[in-house]
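In what follows, a structure is listed as structure tokens, so that the remarks can point back to it.
Since every read-out is calculated from the coordinates, none of them should be taken as a lab result. Everything numeric in this text was worked out from a predicted model, so none of it was measured. Here the Cβ positions follow ideal geometry from the backbone for every residue, glycine too, while neighbour counts run over all protein chains shown.
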Amino acid sequence: MGKNTIKISGKNVIASIELVIYEEDGFHIAFAPAIDLSSYGNSLDNALEEFKVAISVYFDYTLKKSTLEKDLLALGWKIEKRRSRRFIPPTLDELKKKNNYIGHIMNQPNLIRQQISVPS
């Protein structure tokens, strides 16, 4: 799995998240296994744009509600240093244990892997 990093700095999130993009039922699906977040669109570009909206809403909402750290820990992330609030992502094997469908997704033909940075 690609490199996933999340750092919280005050009220801002700096992140690099790996997406896997695949086609199913005529839609392009952009899925970030490390944060269990997805979006879809009629095209690859549309799915990516929708994912940018979804991740922005996710980080804004969880920061506003002060639940981002709790949410990441529930997803299997670990805190590297409490003071810097850097998070270590779970491995792909750990993610598969929590969500059996991730294995199915990762075995899709023509799977595309792409990094997305926040803020972009």
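One quarter of the surface of the convex hull around the alpha-carbon atoms of the chain equals 7.1 nm², the direction-averaged projected area. Comparing Ile29, Ile17, Ile79 in a Gaussian network model of the chain (Cα springs below 10 Å), the most mobile by mean-square fluctuation is Ile79. Close amide H contacts of Tyr40 (hydrogens built in the peptide plane, cut-off under 5 Å, sequence separation of 5 or more or a different chain): Ala30. Residues whose amide H lies under 5 Å from that of Phe87, counting only those 5 or more places away or on a different chain, are Ile6, Glu80; hydrogens are built 1.01 Å from N in the peptide plane. Which listed residue (Leu92, Leu111, Ala30) has the Cα farthest towards the positive end of the charge dipole for the chain, taking +1 on Lys and Arg C-beta and -1 on Asp and Glu C-beta about the Cα centre? Of Leu92, Leu111, Ala30, it is Leu92. The chain: longest stretch without exposed trypsin sites (Lys or Arg not before Pro) (DSSP loop, at most 14 other Cβ within 10 Å), sites themselves excluded? Here the longest run is 12-64. When the charge dipole of the chain is built from unit charges on Cβ atoms (+1 for Lys and Arg, -1 for Asp and Glu) and taken about the Cα centre, the candidate among Asn42, Gly10, Ile102 whose Cα reaches farthest toward its positive end is Gly10.
Karplus-based coupling profile of the stretch 54-61, in residue order and whole Hz: 4, 5, 5, 5, 4, 5, 4, 5, with θ = phi - 60° in 6.51 cos²θ - 1.76 cosθ + 1.60 and x standing for Gly or Pro.
Residues whose amide H comes within less than 5 Å of that of Leu19, counting only those at least five positions distant or on another chain, are Gln114, Gln115, Ile116 (H built at 1.01 Å from N in the peptide plane).
Given +1 at the Cβ of Lys and Arg, -1 at the Cβ of Asp and Glu and no other charges, the dipole of the chain around its Cα centre is 1000 debye to the nearest 20.
May I ask you to derive the relative contact order of the stretch 14-110, considering only C-alpha pairs under 8 Å and at least 6 residues apart, and to give it as an integer percent?
19 percent
Here the simple spin-label model places points 7 Å from the Cα toward Cβ, and for Asp71 and Lys11 these points are separated by 1.7 nm.
Note that the stretch 101-116 has calculated 3J(HN,Hα) couplings of 5, 4, x, 4, 4, 5, 9, 5, x, 6, 5, 10, 10, 8, 8, 10 Hz, one per residue in order, obtained from phi through the Karplus relation 6.51 cos²θ - 1.76 cosθ + 1.60 (θ = phi - 60°); glycine and proline are x.
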